[in-house]
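Read the structure below first, then the notes.
No lab work stands behind these numbers, since they all come straight from the coordinates. These figures come from a predicted structure and were not determined experimentally. We place every Cβ from the backbone using ideal geometry, glycine too, and count neighbours over all the protein chains shown.
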Amino acid sequence: MPENITIKNESVSVTVSPYAGAALRSIKVSGNDQTYELLSGVENRHDPTHLPHGEGSFIMAPWVNRIRDGRLVSPDGIHWLPVNAPPHAIHGLVRERVWTVNAISEDSIDLEIALQQPWPYAGRIEYALSLQGRSLVQTMRLIADESESRPFPGSLGWHPWFNTNLGSGPVTASADVAGQWELDDSVTATGKFDVTKLTRRLQNGTTFQTGEVDGCFRRNPGGSAVLRWPELTMTMSGSKEVTHFMFYSPEHALCVEPQTCTVDAAQLAERGVADTGHALIDRESPLIATTTWSWE
């Protein structure tokens, strides 16, 4: 029967739903004789087969964010992906599928999933989570099958919905970012990159109001994003492949999304735009990305 799986140590517990896209449903952090739930939706029943919109944290793969018109630019030509958020194909193809659990211990879990149509390339994604002290370490690998002779574009990302208030006051966000990619009114990437007012605010620390931000920021090498609630502080770091953070402030949450490229990076790269994080995967070169979320 489908079920949620919880991994834990003395200070953190994380609940995963393999049957609902390997989504995280809960992150509970203990400290000062209190336990704090960081992800939205904890008050709802966690159906192990379905992640409602706006809850938990889901996987974006084999692409992140939006691809305009579903037009996937590849070395072997153009492929068309289903447009599920017109005019875009959004958030990849694995968030509503069942993942296979390969290994599990008290404080770690390893999962994987095979890529399938409408993705035009043969491959798989491996996803490993482990608790290391007061940190959650998550690693994804996008791997081409031995049967796949063509290099293909790919990207990986995480889409958590964090609670904006843990009880005592709103969260403040900061990030070591170089600038922001412009998105037009349809949230299509234009290719323009600039140091915006939102960039400066993130560099200095800010509290976002509802609907104030929905943007992609290029991470400085080795840079982190930091969320500070009155009760605790969370630092989000990553391997060098995590080149961007997406920030989004809907009504009930704050999304801080570590990802390996900006919005629609393959189409931007086709136009000669640099520093997008665009990557090609082949049998010898998987895309491997790690994000570490630590609390104090």
Given labels modelled 7 Å from the Cα in the Cβ direction, how far is it in nm from residue 83 to residue 108?
-> 4.5
Residue-wise HN-Hα coupling along the range 234-241, computed from phi with Karplus coefficients 6.51, -1.76, 1.60 (Hz; x: Gly, Pro) | 10, 10, 10, 10, x, 5, 5, 6
Dipole of the chain (Lys/Arg Cβ +1, Asp/Glu Cβ -1, origin at the Cα centre): which of 29, 295, 266 lies farthest to the positive side?
-> 266
Treating only Lys and Arg (+1) and Asp and Glu (-1) as charged, each at its beta carbon, one finds that the chain has a dipole about its Cα centre, in Debye to the nearest 20, of 440
Comparing 160, 170, 18, which has the greatest mean-square fluctuation in the GNM of the chain with Cα pairs linked when under 10 Å apart?
-> 170
Mind listing the long-range amide H neighbours of residue 242? Cut-off is under 5 Å, sequence gap 5 or more, other chains count too, H placed in the peptide plane at 1.01 Å from N.
-> 290
When 121, 248 are arranged by how many other beta-carbons sit within 10 Å of their Cβ, fewest first, they go 248, 121
For the range 218-267, what D do you get in µm² per second when you plug the Kirkwood radius from alpha-carbon pairs into Stokes-Einstein at 4 °C and 1.567 mPa s?
-> 107
For residue 240, which aspartates and glutamates qualify as cross-link partners when the Cα separation must be under 14 Å and same-chain residues fewer than eight apart are set aside?
-> 176, 275
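Per DSSP H run of n ≥ 4, the term is -39500 (n - 2.57); total these for the chain, divide by its residue number, and report the mean residue ellipticity at 222 nm rounded to 500 deg cm²/dmol.
-1000 deg cm²/dmol
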Which one of 169, 154, 70 has the biggest mean-square fluctuation once the chain is modelled by GNM with Cα springs under 10 Å?
-> 169
Sorted peptide list for 85-92, 194-201, criterion being average Cβ within 10 angstrom, highest first | 85-92, 194-201
Applied in sequence order to the range 207-213, the curve 6.51 cos²θ - 1.76 cosθ + 1.60 (Karplus, θ = phi - 60°) yields integer Hz couplings, x standing for Gly and Pro, of 10, 8, 7, 4, x, 7, 9
Comparing 277, 157, 167 in a Gaussian network model of the chain (Cα, 10 Å), the one with the largest mean-square fluctuation is 167
Expected vector for the range 177-187, Karplus 3J(HN,Hα) from phi with 6.51, -1.76, 1.60 and θ = phi - 60°, integer Hz, x for Gly and Pro, equals 10, 8, x, 10, 7, 6, 10, 7, 5, 8, 6
Going fewest to most other Cβ atoms within 10 Å around each Cβ, 11, 224 line up as 11, 224
Charge dipole of the range 1-109 about the Cα centre (unit charges at C-beta), most positive-ward option of 85, 11, 59 | 85
Part-to-part distance (alpha-carbon centres) for the range 117-184 and the range 192-254, which is given in Å | 14
Roughly speaking, what is the stretch gain from residue 270 to residue 284, that is 0.36 nm per residue apart minus the C-alpha to C-alpha distance, in nm to one decimal?
-> 2.8 nm
Within straight cross-link reach of residue 8, meaning Cα distance under 24 Å, which lysines are found once same-chain residues fewer than 8 apart are removed?
-> 28
Å³ per residue of the Cα convex hull, for the chain?
-> 128
